Amino acid sequence: MINQTESPIIEIAGRGLAPVIQLIGIYVFFHGHYGPGGGFQGGVLLAAGVILQRMSLGGVFSQKMFPSSSSLILCAIGCVLFAGTGVVAIMAGGYFMDYSVLPVQWMEPAYLRYYGILFVELGITLGVMTGLIAIYDNLAGIDHAGTN
């Protein structure tokens, strides 16, 4: 569904539910340090909010909220952030994703693990969210300019 829906109920529901879904996605991302969930689940929820806007508001109008041209770039940045955190740990003499050896001298190992997990979760969230949006845009026939 590329064009804007003609049903005012679906349009209002899409406008109302999408921000709530995205807020829950942000909560799941930040809660990933302490419990189940995190990067993948948060990324899927954030993507679901954007895809709901694309489906209810149409491809062209929803481009103002999240343009298709930035989805692949942000997906690559998320993948580099995820993998880069592990590679930096290997270069510092540890194992892949061994956050306690990250080369930040003034931080304690507990804080290094905390921020290491945060960077990994951020990379996963960004990669999953923008990857799913790019897949939807490709399947819906929305090009990088936001047109059909």
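Sort through VAL128, VAL60, VAL120 and tell me the only one that's touching a Phe, Trp or Tyr at 6+ places or on another chain (Cβ under 8 Å), aliphatic (A, V, I, L, M) and under 28 Å from ALA13 (Cβ atoms). Only one candidate qualifies: VAL128.
Of all the residues in segment 98-142, those that are within 20 Å of the chain's Cα centre (by Cα) and in contact (Cβ under 8 Å) with a residue 24 or more places away in the chain number 24. Taking segment 97-125 as the range and being small (Gly, Ala, Ser) and either in contact with a strand residue (DSSP E or B) (Cβ under 6 Å, 6 or more places away or on another chain) or surrounded by fewer than 18 Cβ atoms within 10 Å (Cβ to Cβ) (or both) as the test, the residues that pass are SER100, ALA110. Looking only at residues that are within 24 Å of PRO103 (Cα to Cα) and among the small types (Gly, Ala, Ser) in segment 114-147, which one is modelled with the lowest pLDDT? So, considering only residues that are within 24 Å of PRO103 (Cα to Cα) and among the small types (Gly, Ala, Ser), the one modelled with the lowest pLDDT is GLY116.
Keeping to segment 97-117, report how many residues are part of a helix (DSSP H, G or I), out of contact with any Phe, Trp or Tyr (no Cβ under 9 Å at 6 or more places or on another chain) and of a type outside the set (Gly, Ala, Ser). Qualifying residue count, segment 97-117: 1.
The values are calculated or read from the model by the stated rules, or taken from the named source; none is laboratory data. Note that this is a predicted model, so its numbers are computed, not measured. Cβ coordinates were reconstructed from backbone atoms using ideal geometry, including for glycine residues, and neighbour counts include every protein chain displayed.
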